[in-house]
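Q: Sharing a structure here in structure tokens format.
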Amino acid sequence: MSTRTRLLQVGAALVVLALGAAPFLANASDHLDAPALGGLTNSSGDFAPHSEHGDRDLADLYVFQGHDASRTVLAMTSNPAINLFGGTFGPNVRYIFNVDRTGDAVQDLAYVVTFDGGAPGHQAYTVTRYSGANATSLAHGVWWGSGSTAGSGLARLKGDGRAFAGVRSDPFFFDLTGFEGSVFGIGSDRLGSSPTDFFAPLNVDAIVLEVPDDQLGGKIGVWAETQYWANGTWTRSDQVGRPAINTVFNNALVDPHAGTTKNQFNATPPSQQRTAFGGKFRSNIIATLTNINAALGTGHADYTAGQAAGIADILLPDVLTYDTSTRAVGPLDGRALADDVIDIELGLTTNGSVPSDGVGPHADYGSTFPYLGSPH
């Protein structure tokens, strides 16, 4: 089988799972999590998996300790399966790392990365730092550093920081076909029988910052966000904190308007997520957790309403919390590249009925900056 054919199969499986063929747990990251970012069909209704706005589509967020324990790494990936769909960093897109220092799910600090319209692999980028009220308004920031995706993609930042922007290997790992077989009875593969990581050959666009801990604070909350410029204004497009919240819980089984809800979730600030739209996001989490095993026919008990409500109040707001004095253990204290969030979230969401997909971390993570593996 050719590499191109393999990638097409991987890409099709990813989009099918993430956008509706399997509404639960199908993609424990944020790849193509909402209709505004991709789709399954073309305008004629033909089956045509595609990335609608890959440059705005966040795949994953990672926050972890650098190789120097006094430094923290912030990494976001976008443009899922860029070696399948193509694309660049958007010249009209702001890529934002939001940092909450006080626990109120409102950003007190923001690092914003913007790009010019250069050709793939030759885009200049600028990192701007915003603090205080400006972290929310993005009205007045301080130039923090500049670089280019050409060559190494590396740049130095003010305050002894580092930056990287460019194409890297997708660090996410998951046995898609085994999951389909075990949970949905599709095909002959089963979890644990012959684990295959379908994300292994895929690439993503990556932005990685490494800064001293004292720039961020001690116990922080982080979420990544994209905004795009259109019609004279900046519009929220995508956001991600902990992996899979929007992908998994705003699903068609519990919400007949799941596609609209996914788009709304991506545009709702974390501080408003428990109550926005009449509390719909929280209600969807509770409904999913109290019905998932019955819907999938696993024979395992679902959570009670009280248990589900407690979990919902942990998962919302969708912010990746991290103590910068520790080594990350995701998804409740940061998220390192090798953290097996799939196993954690399979077990959590199914109340223990599906404990693992049998796939482990990739072998190409680096021990030094920028940590993500070289592109395939």
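Nothing in this text is a laboratory measurement; each read-out follows from the coordinates by a stated rule. Note that the structure is predicted; figures quoted are calculated from it, not measured. All Cβ positions, glycine included, derive from the backbone under ideal geometry; neighbour counts span all protein chains shown.
Q: Mind checking the full-extension length gain between Lys158 and His376? Use 0.36 nm per residue of separation minus the Cα-Cα distance, one decimal, nm. Don't skip to the end; give the middle numbers.
A: Working: separation 218, 0.36 × 218 = 78.48 nm, distance 3.14 nm.
Net length gain for the segment: 75.3 nm.
Q: I need the peptides 284-291, 135-142 ranked by packing, meaning the mean over residues of other C-beta atoms within 10 angstrom, with the highest value on top.
A: On the way: 284-291: 21.8, 135-142: 14.2.
Going by the mean number of other Cβ atoms within 10 Å, highest first, we get 284-291, 135-142.
Q: I'd like to compare 245-253, 368-376, 293-301: which one has the highest average count of other Cβ atoms within 10 Å, and what's the full order after that? Kindly include the intermediate steps, with their values, before the conclusion.
A: On the way: 245-253: 23.3, 368-376: 17.7, 293-301: 14.0.
My ranking of the peptides, most packed first, is 245-253, 368-376, 293-301.
Q: Please compute the length gained on full extension between Ser194 and Trp143, using 0.36 nm multiplied by the number of residues separating them and subtracting their Cα-Cα distance. Don't skip to the end; give the middle numbers.
A: Values: separation 51, 0.36 × 51 = 18.36 nm, distance 4.94 nm.
Full extension from Ser194 to Trp143 adds 13.4 nm.
Q: So how far apart, in nm, are the two label points at Thr136 and Ser70 if each is 7 Å from Cα heading toward Cβ?
A: That separation, rounded to one decimal, is 3.4 nm.
Q: Give the distance, in whole Å, between the Cα centre of the range 281-340 and the Cα centre of the range 88-110.
A: Taking the Cα centre of the range 88-110 as reference, the centre of the range 281-340 is 23 Å away.
Q: Give me the net charge for the shell around Ile286: Cβ to Cβ below 14 angstrom, other residues only, Lys and Arg +1, Asp and Glu -1. Could you put the intermediate results ahead of the total?
A: Working: positive: Arg274, Lys280, Arg282; negative: Asp255, Asp302, Asp313.
It works out to a net charge of 0.
Q: With +1 on the Cβ of every Lys and Arg and -1 on the Cβ of every Asp and Glu, and nothing else charged, how large is the dipole of the chain about its Cα centre, in debye rounded to the nearest 20? Provide the component values of the computation, followed by the final result.
A: Values: 21 positive and 36 negative charges, 116 e Å.
With Lys and Arg at +1 and Asp and Glu at -1, about 560 debye.
Q: Moving to a separate point now. May I ask you to compute the full-extension gain from Asp364 to Asn92, defined as 0.36 nm times their residue separation minus their alpha-carbon distance, rounded to one decimal in nm? Could you put the intermediate results ahead of the total?
A: Values: separation 272, 0.36 × 272 = 97.92 nm, distance 3.14 nm.
Net length gain for the segment: 94.8 nm.
Q: Provide the packing ranking of 61-68, 210-217, i.e. peptides ordered by the mean count of other C-beta atoms within 10 Å per residue, highest first. List each step's numbers first, then the result.
A: Values: 61-68: 20.6, 210-217: 19.0.
Going from most to least packed, we get 61-68, 210-217.
Q: Determine the calculated [θ] at 222 nm for the chain from helices alone, applying -39500 (n - 2.57) to every DSSP H run no shorter than 4 residues and normalising by the residue count; nearest 500 deg cm²/dmol.
A: Values: 11 runs with 91 residues, N = 376.
Computed ellipticity for the chain at 222 nm equals -6500 deg cm²/dmol.
Q: R0 = 45 Å: FRET efficiency of Ala150 with Ser271, Cβ-based, nearest 0.05? Working shown, then result.
A: Values: r = 38 Å, r/R0 = 0.85.
Here the calculated transfer efficiency is 0.70.
Q: Between Asp116 and Thr235, how many nm apart are label points set 7 Å from Cα along the C-beta direction?
A: 2.7 nm
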